[in-house]
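*Asks:* Here it is, the structure, as structure tokens.
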Amino acid sequence: MSRQLHLGFIASKRVQRATGVVLAVAVLPLLLFGGLSVLFPLPVDQLHPSSSTVVQAEDGTLLRAFLADDEMWRLRVEEDAIAPVMKQAVVGYEDQRFYHHPGIDPIAIGRAVVANVRAGRVVQGGSTITMQVARMMEPKARTVPNKVIEAFRALQLEWRYSKAEILEHYFNLAPYGGNLVGVEAAARLYFDKPAASLSLGEAALLAAIPNDPNANRPDEHVTAARAARDKVLRLLHERGVITGEDRRQARAEPLPQRRYALPFDAPHLADHLAARYAHADRLETTVDARLQRMAARMLAAHVQGWRSQGITNGAVVVIENATMAVRALVGSADFFDMRNEGQVNGALAPRSPGSALKPFVYAKALDQGLVGSHTLLQDIPVDYNGYAPENYDRTYSGVVPVREALARSLNVPAVNLSADLGPDAMYHFFRRGGLRTLNEPAHHYGLSLILGGGEVTLLDLTTLYATLANGGTYRPYRLLADDPEGQPIRLLSDGASYIVTEMLSDLRRPDLPAVWEWSRDQPTVAWKTGTSYGHRDAWSIGVTPRYTVGVWVGNMDAAGASALVGAEVAAPLLFQLMQRLERDVSARWFIQPAAVATRRVCTVSGQPATRRCPSTRSELYLPGRTPAQPCDLHQTIWVDDDTGHRLCSHCRQGRSHEPQVVTRWPSGVATWLERTGYPVDAIPQHLPSCRRVAEGDPPVIRSPQPGTSYRLRSGVPAEYQRILLEASVSNETDEIYWFVDGEMLYQGNPGERVFFTPERGEHTLLCMDDEGRSSEVQITVR
């Protein structure tokens, strides 16, 4: 028994020793590998050399690519975006046991040693795909010591990465001749397709090229390339990877004999994004490749037709309203037109928008309850402390409805409304609405801002117009697919946005006959044009429920051209684009918000109609916000049957009289209308014997402005420094009286121009009409 115990004890010891030896054999290499890995860590960063920046459309279509920092075409690609046949070709040709070995293949190494010894030279290699990745990661001369290092790095790679990841590194690091690195660059430049679309013959060629990249490149050595491809196909057939029929068809495929050019779409946008995201491998934009190419073609053709008139360039922006995604951005008519600065991005260049900002003044005034869509606005000469805006044609209409003022793009009514809103109101509105190029203080622009006194970019302006399509809510544009939707900012009510959009969709614009031609049978579009001072810029912006499109036409050097008028040059292209974008002419229009209602207003005054109004029209309005004052332009007066004088409620008692409806123009405009020959009702004089002071508006002093300071110039005769006294009164007024510091200076016709010779000091100027109503201003003369 003791002997048996002794023998069992000895056997147990032997098992323990054997186990220890096995564990040592197993663990020591691991410990050694771990220690060496600590001393010589895997240079992971070298697996990711600088890549080409690739700019893609929303659907993945390549728009443009940029050379890597080392002037190589290195287009990174993920493993699942490589054609399966490409992976089969490389694994079947280079490393049959790739998915089964730990990074080194002893069988392949042994076979290579035997073959090389028999041949007396190196005829076969034993490197696995993983070892090749190691060599491409750390290029070294092919020596035995370096092979050992490669084997060690291969083990490290296998320890850290999956087989799919190692294969991805291989396809992104492999050389394909010249400055082509990676299978995506090779597929694009040799076959004009992505690596995902390679055929068997193409994959076989690309599997062969890395063995001798410059000798096997097909664009320079087509015979050698064919032989290398056919060798790969033969081995794949022999190894059972492909069938004989597969091989036959692949061999029949033609080889490329030149490099293809990479796509060059949206170059201005690509330049902008590549500069902004300098180290990005891939930039996935919101661009629709089809729309981008269409817009570029249409812009180039349009500008070509205007070159003979000194117009050489343009830009286009298309925004999808629902997502604020920029679907097309064309920066110039021809990127390669160096003579006309084609590489300048016209969509991002700050330029004067002319009248293109006016719709927002009217929308803001609607929101503030200052006007309705047919409210009468004064269109007469005006002076704001030295700033005297004029209309484009330097004529005036006296009074115009809001709708007509916007349609005719009149300057004076827009400036007056801007002033009524407050001196800085529109400046802050535009800043909140994304016009970032307005980077000076508000006073720098003043009231001229609404007429193009500041500079904006086409992209920012188009984005602002999209606010109308989005019910008055501003959201920033998006250039990249992963750009977050910006914080919405409420600029306007949905009601005001809808009413202005309706006004802008009206094609009845008699001052723009050329645009009317383009507008017939087109999709419904809310649109506005703009022409900058000096005819340097022509703009047209259009809005539909789906898209907002902006067009700029001009010269990059800001040279003017007489033909540069927004309605004539930019609007036709806008409508061409809209016709292509909105092919369904019956597409839905904006839905009228609940905040908008319809009412009848006086055709003349634009105010809610009364029984005295001769005719009425329908108007969209904002209940509780739009002015509700009934028409006071058409008034009933009582005329003495005997004398023909006008009677007031006090003096008509006891007299025979008849009612009469007259048009009583406000004092702010009546004098100008009479002076310019506009037919104005002659309102009878108030009964002279009645001493009651009449009701109504007092004279409106036009000149001088209250608080104005004048400086007398020495050496200039006094008669050349006289100050104009001008007032506007109601058409019921026959005479006015001017008083300077209490002394009467003039009595007579309101239409006469009156001057006074000033003396230094403070002066009070008073104007009184023949009904006793008066106004006064104070001025200073230094």
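*Asks:* Restricting attention to the range 225-245, which residues are buried (at least 17 other Cβ atoms within 10 Å of the Cβ) and not basic (Lys, Arg)?
*Replies:* Listed by number, the residues that qualify are 225, 228, 230, 232, 233, 235, 236, 237, 241, 242.
*Asks:* Now for a different question. Test residue 257 against the criterion of being open to solvent by 20 Å² or more (accessible area, probe 1.4 Å) and in contact with a Pro (Cβ under 7 Å, 6 or more places away or on another chain), and give yes or no.
*Replies:* Details: open to solvent by 20 Å² or more (accessible area, probe 1.4 Å): yes; in contact with a Pro (Cβ under 7 Å, 6 or more places away or on another chain): yes.
Yes; evaluated as a whole, the condition is true for this residue.
*Asks:* Out of 608, 659, which single residue is open to solvent by less than 80 Å² (accessible area, probe 1.4 Å) and either at negative phi or in contact with a Gly (Cβ under 8 Å, 6 or more places away or on another chain) (or both)? Explain how you work it out, then say what you get.
*Replies:* On the way: 659 fails: open to solvent by less than 80 Å² (accessible area, probe 1.4 Å).
Exactly one residue qualifies, and that residue is 608.
*Asks:* In addition: Kindly list the number of the only condition in (1) out of contact with any His (no Cβ under 9 Å at 6 or more places or on another chain); (2) surrounded by 17 or more Cβ atoms within 10 Å (Cβ to Cβ); (3) touching a residue at least 24 places away in the same chain (Cβ under 8 Å) that fails for residue 172.
*Replies:* Among (1) out of contact with any His (no Cβ under 9 Å at 6 or more places or on another chain); (2) surrounded by 17 or more Cβ atoms within 10 Å (Cβ to Cβ); (3) touching a residue at least 24 places away in the same chain (Cβ under 8 Å), the lone unmet condition for residue 172 is (1).
*Asks:* Something else: Name the one entry in 255, 262 that is within 30 Å of residue 347 (Cα to Cα), touching a residue at least 40 places away in the same chain (Cβ under 8 Å) and aliphatic (A, V, I, L, M). Walk me through how you get there before you give the answer.
*Replies:* Details: 255 fails: within 30 Å of residue 347 (Cα to Cα).
Only one candidate passes the filter, namely 262.
*Asks:* Restricting attention to the range 381-408, and to residues there that are among the hydrophobic types (A, V, I, L, M, F, W, C) and surrounded by 23 or more Cβ atoms within 10 Å (Cβ to Cβ), which single residue is farthest from the chain's Cα centre (by Cα)? Please lay out each step first, then the result.
*Replies:* Looking only at the range 381-408, we keep the residues that are among the hydrophobic types (A, V, I, L, M, F, W, C), and these are 382, 388, 399-400, 402, 405-407.
Of the ones still in play, those that are also surrounded by 23 or more Cβ atoms within 10 Å (Cβ to Cβ) are 399, 402, 405-406.
Details: 399: 36, 402: 28, 405: 27, 406: 24 Å.
So, considering only residues that are among the hydrophobic types (A, V, I, L, M, F, W, C) and surrounded by 23 or more Cβ atoms within 10 Å (Cβ to Cβ), the one farthest from the chain's Cα centre (by Cα) is 399.
*Asks:* Has the range 624-641 got at least one residue that is more than 50 Å from the chain's Cα centre (by Cα), free of Cβ contacts under 8 Å to residues at least 24 places away in the same chain and farther than 17 Å from residue 606 by Cα?
*Replies:* yes
*Asks:* Among the numbered conditions (1) surrounded by fewer than 17 Cβ atoms within 10 Å (Cβ to Cβ); (2) in contact (Cβ under 8 Å) with a residue 24 or more places away in the chain, tell me where residue 698 comes up short.
*Replies:* Among (1) surrounded by fewer than 17 Cβ atoms within 10 Å (Cβ to Cβ); (2) in contact (Cβ under 8 Å) with a residue 24 or more places away in the chain, residue 698 violates only (1).
*Asks:* Open to solvent by 20 Å² or more (accessible area, probe 1.4 Å), among the basic types (Lys, Arg) and either under 22 Å from residue 398 (Cβ atoms) or in contact with a Ser or Thr (Cβ under 8 Å, 6 or more places away or on another chain) (or both) - does that describe any residue in the range 760-781?
*Replies:* No - not one qualifying residue is present in the range 760-781.
*Asks:* Still on this model: Going through the range 622-663 one residue at a time, which ones are modelled with pLDDT under 85, assigned to a loop (DSSP other than H, G, I, E, B) and closer than 24 Å to residue 698 by Cβ?
*Replies:* 648, 649, 650, 651, 652
*Asks:* Out of the range 292-306, which residues are crowded, with 22+ Cβ neighbours inside 10 Å and under 19 Å from the mean Cα position of the chain (by Cα)?
*Replies:* 292, 295, 296, 299
*Asks:* Sticking with this structure for a sec: Return only the number of the condition from (1) at pLDDT 90 or above; (2) surrounded by fewer than 20 Cβ atoms within 10 Å (Cβ to Cβ); (3) among the polar types (S, T, N, Q) that residue 130 does not satisfy.
*Replies:* Here residue 130 clears every test but (2).
*Asks:* Kindly check whether there is at least one residue in the range 140-157 that is among the hydroxyl-bearing types (Ser, Thr, Tyr), closer than 22 Å to residue 111 by Cβ and not in a helix (DSSP H, G or I).
*Replies:* Step one: filter the range 140-157 for residues among the hydroxyl-bearing types (Ser, Thr, Tyr), giving 143.
Okay, now just the ones that are also closer than 22 Å to residue 111 by Cβ, so 143.
Those left that are additionally not in a helix (DSSP H, G or I): 143.
Looking through the range 140-157, at least one residue is among the hydroxyl-bearing types (Ser, Thr, Tyr), closer than 22 Å to residue 111 by Cβ and not in a helix (DSSP H, G or I).
*Asks:* Working only within the range 65-75, note down all residues that are surrounded by fewer than 21 Cβ atoms within 10 Å (Cβ to Cβ) and not hydrophobic (A, V, I, L, M, F, W, C).
*Replies:* 69, 70, 71
*Asks:* Which of the strands (runs of 3 or more DSSP E) found entirely inside the range 708-768 contain at least 3 residues meeting this: closer than 25 Å to residue 378 by Cα and modelled with pLDDT under 85? Walk me through it before giving the result.
*Replies:* Values: elements: 723-728, 736-740, 743-748, 754-756.
In the range 708-768, no matching strands (runs of 3 or more DSSP E) lie anywhere.
*Asks:* Scan (1) modelled with pLDDT of 95 or more; (2) touching a Lys or Arg at 6+ places or on another chain (Cβ under 9 Å) for the single condition residue 550 breaks and write down its number.
*Replies:* (2) is the only condition that residue 550 fails.
*Asks:* Quick one: is residue 576 outside any loop (DSSP other than H, G, I, E, B), open to solvent by 20 Å² or more (accessible area, probe 1.4 Å), in contact with a strand residue (DSSP E or B) (Cβ under 8 Å, 6 or more places away or on another chain) and not basic (Lys, Arg)? So that I can check it myself, show each step before the final result.
*Replies:* Values: outside any loop (DSSP other than H, G, I, E, B): yes; open to solvent by 20 Å² or more (accessible area, probe 1.4 Å): yes; in contact with a strand residue (DSSP E or B) (Cβ under 8 Å, 6 or more places away or on another chain): no; not basic (Lys, Arg): yes.
Against the criterion (outside any loop (DSSP other than H, G, I, E, B), open to solvent by 20 Å² or more (accessible area, probe 1.4 Å), in contact with a strand residue (DSSP E or B) (Cβ under 8 Å, 6 or more places away or on another chain) and not basic (Lys, Arg)), residue 576 does not qualify.
*Asks:* Under 9 Å between Cβ atoms, at least 6 apart or on separate chains: pull out the pairs that start in the range 70-94 with a residue that is farther than 23 Å from residue 56 by Cα and end on any residue that is among the hydroxyl-bearing types (Ser, Thr, Tyr) and assigned to a helix (DSSP H, G or I).
*Replies:* Going by the 9 Å Cβ cut-off, the qualifying pairs are 90/170; 94/170.
Table: residues versus (1) open to solvent by 30 Å² or more (accessible area, probe 1.4 Å); (2) out of contact with any Cys (no Cβ under 8 Å at 6 or more places or on another chain); (3) farther than 25 Å from residue 315 by Cβ.
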residue: 418; (1), (2), (3): no, yes, yes
residue: 431; (1), (2), (3): yes, yes, no
residue: 434; (1), (2), (3): no, yes, no
residue: 441; (1), (2), (3): yes, yes, yes
residue: 472; (1), (2), (3): no, yes, yes
residue: 475; (1), (2), (3): yes, yes, no
residue: 487; (1), (2), (3): yes, yes, yes
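*Asks:* Within the range 445-458, how many residues are under 30 Å from residue 596 (Cα atoms) and open to solvent by less than 20 Å² (accessible area, probe 1.4 Å)?
*Replies:* Going through the range 445-458 one residue at a time, the tally reaches 2.
*Asks:* For residue 532, which of the numbered conditions (1) open to solvent by 10 Å² or more (accessible area, probe 1.4 Å); (2) over 21 Å from residue 501 (Cβ atoms); (3) in contact with a helix residue (DSSP H, G or I) (Cβ under 6 Å, 6 or more places away or on another chain) fails to hold?
*Replies:* The one condition residue 532 does not meet is (1).
*Asks:* Exactly one condition in (1) open to solvent by less than 40 Å² (accessible area, probe 1.4 Å); (2) closer than 30 Å to residue 53 by Cβ; (3) in contact (Cβ under 8 Å) with a residue 24 or more places away in the chain; (4) out of contact with any helix residue (DSSP H, G or I) (no Cβ under 6 Å at 6 or more places or on another chain) is not met by residue 161; state its number.
*Replies:* Just one mismatch for residue 161, condition (3).
*Asks:* Here's another thing I want to ask about it. Give the residue, chosen from 689, 667, that is open to solvent by 30 Å² or more (accessible area, probe 1.4 Å) and polar (S, T, N, Q). Explain how you work it out, then say what you get.
*Replies:* Working: 667 fails: open to solvent by 30 Å² or more (accessible area, probe 1.4 Å).
Matching residue, one of 689, 667: 689.
*Asks:* So, one more: Of the residues 645, 657, 650, which single one is farther than 30 Å from residue 501 by Cβ, of a type outside the set (Val, Ile, Thr) and in contact with a Lys or Arg (Cβ under 7 Å, 6 or more places away or on another chain)? Reasoning before the result, please.
*Replies:* On the way: 645 fails: in contact with a Lys or Arg (Cβ under 7 Å, 6 or more places away or on another chain); 657 fails: in contact with a Lys or Arg (Cβ under 7 Å, 6 or more places away or on another chain).
Unique residue meeting the criteria: 650.
*Asks:* Checking residue 378 against (1) within 31 Å of the chain's Cα centre (by Cα); (2) assigned to a strand (DSSP E or B), which test does it fail?
*Replies:* (1)
The values are calculated or read from the model by the stated rules, or taken from the named source; none is laboratory data. Small disclaimer: the values here were computed from a predicted structure and weren't measured. Ideal geometry is used to build each Cβ from the backbone, glycine not excepted, and the neighbour counts take in all protein chains shown. Areas reflect the complete protein model, heavy atoms only, side chains present, ligands, DNA and RNA absent. Shrake-Rupley method; radii C 1.70, N 1.55, O 1.52, S 1.80 Å.
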